[in-house]
Structures are given as structure tokens and as C-alpha cells.
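Reviewing the structure listed below.
Please treat every number below as a calculation from the coordinates, not as lab data. Since this is a predicted model, take the numbers as computed values, not measurements. Cβ atoms come from the backbone with ideal geometry, glycine included; neighbour counts cover every protein chain shown.
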Amino acid sequence: TQVLALSGGIGGAKLAVGLQHVLPPGELTVAVNTGDDFEHLGLSISPDIDTLLYTLADLANPELGWGRANESWHFMAEIERLGGESWFRLGDKDLAVHIERTRRLNAGEKLSGITADFARHFGILSRVVPMSNDLVRTMVITDEGTLDFQHYFVARRCEPVVKGLAYAGAADAQLVPILREVADDPALQTIVICPSNPWLSIAPFLEMPAWRELLVEARAPVIAVSPLVNGQAVKGPTSKIMGELQLEQSSATIARFYEGIIDGFVLDKSEAHLAPEIGVATHVTATLMKTAADKQRLAREVLEFAGSFG
Ligand code: FO1
Ligand code: CA
């Protein structure tokens, strides 16, 4: 069988690593949000791709959720000494990935090919694929003006009030060909929308007509896992943003956001009472993923739930 997962960074990577563990080697493809990508210090930065690579290779920094474990920061310290921009922190190991990726992009290679090679060099047996090789940029429209994602998220620590979001380039962005192949593979069992922030991490996919069509027309069931527990985001600014966009903070809002796309919805037991108002089949379980066992159990339950669509 084959499983296709759509993921943003940290939250999505947790379920992806669970899926990778419970599936036989080579059966997982993770399509990764690139709306958070930007250029900084002359480098091409793809935070969610790197979070997936490091997490699936078991090299991720467990405290931060981004960057590498056992990292050193000599490069950053010298940038600071030189009066350079140090608000976005690149560790020494992480820096090597950025230099090599930037060199290859500048030589005309595609992000998907570079990412596949990095995955291989990290010993990852799953496929890690950017949602597109074309530039898509998530822009956050705030009370302080329009900010690109990393300036909103890291430099301004999500403090500005969000008034809207825009996904520059999404309307014209194309699918990476391998994703079309995975979607058309008769062995595809399910498409999983990981518990990432719908507005920040999944909307960039859905704003691409090619992705929307792929999801709507897929023969395999599309299952979304809610990122909320008890109406609150486990990590990150989802709750704050939902409030600022005047959205009711519950998984029912998340399910409504995915209406027309999903066939099934997984929500946390703390929100079991919402199941009747979700417009598609639901599976209620513990969605909080702290341990490796949590991630694997949730992954197994998602696959079993997908199996029930026959
Ligand atoms: N997040 C931060 O909050 N501060 C940082 O300095 C930072 C650096 C960084 C470097 C490389 C990378 O791949 C990710 C990094 N992140 C940092 C995380 C990242 O920007 C966000 O968590 C994601 O974009 C959200 O999914
Ligand atoms: Ca469908």
C-alpha cells in the first residue's frame, strides 16, 4: 500500500514519524508545506521540509521542534559579532543543509530533487516532497501591515493581530510530478492531512488548484486529524489566529475549513461532543502526541479508520 500525508512543520511531523514507523519501509510519502520558505542571509530556507527531514531521520532537536539535536551555534555567534541579522537562528549543522540546498538551487536544480537526495543521505526510507517546486509564499496581513511568514512568526513572535492571510504564487503553482504518480497509484490507501495549522500550513496546498483537484478527485479517502485538543492548539499560534479571524475555537471549525475535501475527521476525545456536528465520518481518540508510542498509536488508528471507508 501507499500513504500520502500532507504536513506543515512540528505538529505534522509528529504524526508523520508515527506513520513512518507503523508502515512498511517505502510506503509513506510526505508532501510538505513550502509557504513558510524564505530567503535569509543569502540562503534558501525551507523550515517545514527540514523539520520533516530531521524528524524522520531522528536528528531533530526535541526541545525546539525545529533544527538539529546536538547543535552548535558558532556561525550564529559570529554573525551577531559582525552586526548581522541574528533573529532567525541557524545552527552549524543546519547551516550545512542550507548552503548545500542554496548552491544546488542556484545551479538550477529543483527543490524536490534536492530534498529527495537529502532524505537519502539522511537514511530516510519515506519520500519527502515539497508541495510544489514553484514559489508559494504565505503572507500574514496584520494590524502592522503585511508580513512574510517568518517575519510574523519568528521576528514578531506572532504578536501582530492577524486580519487575513494570502498565499502569493499558489494560484499558478504546479504539483511535483511524483505526487501526481502517488495520487494515481492504485495502491494508495489513504491521504492524511496531518494535525498542522489549517490556515498557516495546509491552506498553501489548498490554495493551489492542482492540489485541491487532486484531493477532491482522489479515490483514496482523505482523512484530516484535528490539531486542537479541548479547543486549543497543542503548540503554536493556531488558537490566537482563530480568535483574531473571529472563528469559533473548536475542531468543528477545522472540519468546516476542510469541507468538500475530507471524507473522515479525527478529533480528540476532549471534543467528542462535537462529533455529531462534523459533516463527515469521525474517529474520536487521544490525539496528543508526546511519546513515540502516542505517535504510533495515533498513526495506526488513522490507518484503521481509513480502512473503514472500503
Ligand atoms: N523558529 C523560531 O522560533 N526561531 C528561530 O530562530 C528559528 C530558526 C529556524 C531555522 C531553521 C528552520 O528550519 C526553522 C527555524 N525556526 C525557527 C522554525 C520555523 O521557522 C517555524 O517553526 C516554522 O516555519 C513553522 O512551521
Ligand atoms: Ca475525495
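Observations on the model:
- For the range 1-133, taking Cα atoms only, Rg and Dmax work out to 14.8, 52 Å respectively.
- Divided by 2.2 N^0.38 Å, where N counts the residues, the Cα radius of gyration of the chain comes to 0.95.
- Ellipticity estimate at 222 nm from DSSP helix runs (n ≥ 4, -39,500 (n - 2.57)) divided over the chain, nearest 500: -10000 deg cm²/dmol
- Within straight-line cross-link reach of residue 290, aspartates and glutamates at Cα separation under 13 Å, skipping those fewer than 8 residues along the same chain: 63
- Most positive-pole-ward Cα, 260, 286, 243, against dipole of the range 237-299 from beta carbon charges: 286
- Size descriptors for the range 62-198, from the alpha-carbon set: Rg then Dmax equal 17.8, 56 Å.
- Three-way shape call for the range 120-262 based on the alpha-carbon gyration tensor, with the a/c threshold at 1.5: prolate
- Rounded if a/c under 1.5, otherwise prolate or oblate - the range 233-310, Cα gyration tensor axes: oblate
- Peptides 99-108, 10-19 ranked from most to least packed by the mean count of surrounding Cβ atoms within 10 Å: 10-19, 99-108.
- Against the chain, whose longest principal axis is taken from its Cα atoms, helix 47-56 shows a tilt of about 70°.
- All other residues whose Cβ lies under 11 angstrom from that of residue 231 are scored, Lys and Arg at +1 and Asp and Glu at -1, for a net of -3.
- Among the listed pairs 14/163; 93/235; 93/295; 269/295, those beyond 22 Å (Cα-Cα): 14/163; 93/235; 93/295
- Net charge of Cβ neighbours under 13 Å - reference residue 75; Lys, Arg +1; Asp, Glu -1: -2
- Gyration tensor verdict on the range 182-226 (Cα atoms; rounded if a/c is under 1.5, prolate if a/b is larger than b/c, oblate otherwise): oblate
- A straight chain from residue 21 to residue 216 at 0.36 nm per residue would run longer than the Cα-Cα distance by 67.4 nm.
- Extension gain, residue 86-residue 300: 0.36 nm per intervening residue step, less the Cα-Cα distance, totals 72.9 nm.
- Computed E for residue 58/residue 277 - FRET, C-beta separation, R0 35 angstrom, nearest 0.05: 0.35
- Under 14 Å, Cβ to Cβ, from residue 259 - net charge with Lys/Arg +1 and Asp/Glu -1: 0
- Note on the range 65-109: Rg/Rh from C-alpha atoms, Kirkwood Rh, equals 1.03.
- FRET efficiency for the pair residue 291 and residue 122, taken as 1/(1 + (r/R0)^6) with r the Cβ-Cβ distance and R0 = 25 Å, rounds to 0.65.
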